[in-house]
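Here the structure comes first, spelled out in structure tokens, and everything after it is commentary.
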Amino acid sequence: MDWIFWLPTLTGHIGIWCAIFNRTHATAWPRTWRKSIELAIVAVAGVPILLVPILLWRAGDVSYVNFLQRQLLVAPYLVLSVVAAVFFLVTWVWRVSHYEPPRAWLKLDDEYLEAEKVLRMKLTHGALAKVLSWIPGNQATHLSLEKYRIRLPKLPPGVTIKICQLSDFHFTGQLDIAYFRLIIERVNDWRPDLVVITGDLVDELHCLDWLGPVFEPLQARCGKFYLLGNHDRRIPSEDDLRSRLESAGLIRAGGRWHAVTVNGVTLHLAGNELPWFKGAESLPNVETNPDDLRIMLTHSPDQIDWAEQYGFDIIFAGHTHGGQIRLPIVGPIVSPSKYGVKYAGGAFQIGKAVMHVSRGLCGDEPIRWNCPPEVGFFTIEGPAAENE
């Protein structure tokens, strides 16, 4: 029966180090620091998982209590791990049982594509990407085109606004450019009024030349707005990166307001690239008509505190990738956020605002399991008619 003790100990141990990982990667610390910490976390989390079975095997049939008595140096940490496991279980049950989608929110339908079958070509390049593609169930080259309706009382009856959110392209060269061109084609087929791109566009310098071919064909009747994210800091020249994006027809949203009229409705859109790029921390508020919509773009959902002071109606965020790997029942365990996995992906009510956190389109490593890449299509409407 010792597994009753070892299982929560192992669960709590992994949970502690996942929590440290998540919060470390929510910071603006230099990438070299974070990568060093990441390696240390993997080592500290992984070594005991290998070491404990060896110690048990060498000692013979040793009970959990006897093991604690013999290993006095690690006993306090094992007890802490059990306490952590209980804490994580309670918070998980609370989060799952109390989650309710926003009242204004309605999921419509999904279209699921296997991009390699649609394009009739292999999309992975490089040794790592090819090895990861062999993992059963890897959805890195799949696409979930997800449609939602958001009903807001500010909109007059009969008016609709179509917004497409794209996030976390992560141009590394590991996924072929054809994959991203397919995404743009599907977005154009939907004919959005606005496209909002919420950061992490290009990771590798040699992929800068992809920005024009991918984003120039993107169509949106009233504007294509973008943010930068933490991975965009890998490009040495921020000015060059922004110049290329704006030459491709994208409009900078970070740290500034834009007033956009769509179907007779005025939208006030602002972007937040904190903590990686400055500008939003000193953004002044703007005087608006009470009936105007306020839309926030942010790379990270961690910026919801910033959002509250501006009275936004809708928040579009990315960064967390939905966790990339979602375990059955448990869900994601890795999410680079100070909130851990709470806002890893999906729709949330944040005060008076509706927030959608995109699972994104790619990642540093092309691995997705039970968490397909996402294109979000949002139709914003006024309140329902009485006979609906």
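The values are calculated or read from the model by the stated rules, or taken from the named source; none is laboratory data. These figures come from a predicted structure and were not determined experimentally. Please note: Cβ atoms are built from the backbone with ideal geometry, for glycine as well, and neighbour counts cover all protein chains shown. Surface accessibility is based on the protein's heavy atoms, side chains included, excluding ligands, DNA and RNA. Shrake-Rupley method; radii C 1.70, N 1.55, O 1.52, S 1.80 Å.
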Filter pass, residue 107 being in contact with a Leu (Cβ under 6 Å, 6 or more places away or on another chain) and either more than 25 Å from residue 204 (Cβ to Cβ) or at pLDDT below 95 (or both): no
Going through 382, 322 one at a time, which residue ends up being farther than 22 Å from residue 197 by Cα and open to solvent by less than 10 Å² (accessible area, probe 1.4 Å)? 382
Considering the stretch 144-178, residues that are farther than 22 Å from residue 365 by Cα and among the hydroxyl-bearing types (Ser, Thr, Tyr), and then whichever is most open to solvent (accessible area, probe 1.4 Å), we arrive at 160
Can you name every residue in the stretch 266-301 that is outside any loop (DSSP other than H, G, I, E, B), out of contact with any Cys (no Cβ under 9 Å at 6 or more places or on another chain) and open to solvent by less than 10 Å² (accessible area, probe 1.4 Å)? 269, 270, 271, 272, 280, 293, 295, 296, 297, 298, 301
Which of (1) in a loop (DSSP other than H, G, I, E, B); (2) under 11 Å from the mean Cα position of the chain (by Cα); (3) within 22 Å of residue 270 (Cα to Cα) is the odd one out, the single condition residue 341 does not satisfy? (3)
How about the stretch 58-128: which helices (runs of 4 or more DSSP H) wholly inside it have at least 2 residues that are without any contact (Cβ under 8 Å) to a residue 12 or more places away in the chain and farther than 30 Å from residue 343 by Cα? 64-70, 75-98
Among the residues of the stretch 179-210, how many are open to solvent by less than 20 Å² (accessible area, probe 1.4 Å), assigned to a helix (DSSP H, G or I) and in contact (Cβ under 8 Å) with a residue 40 or more places away in the chain? 5
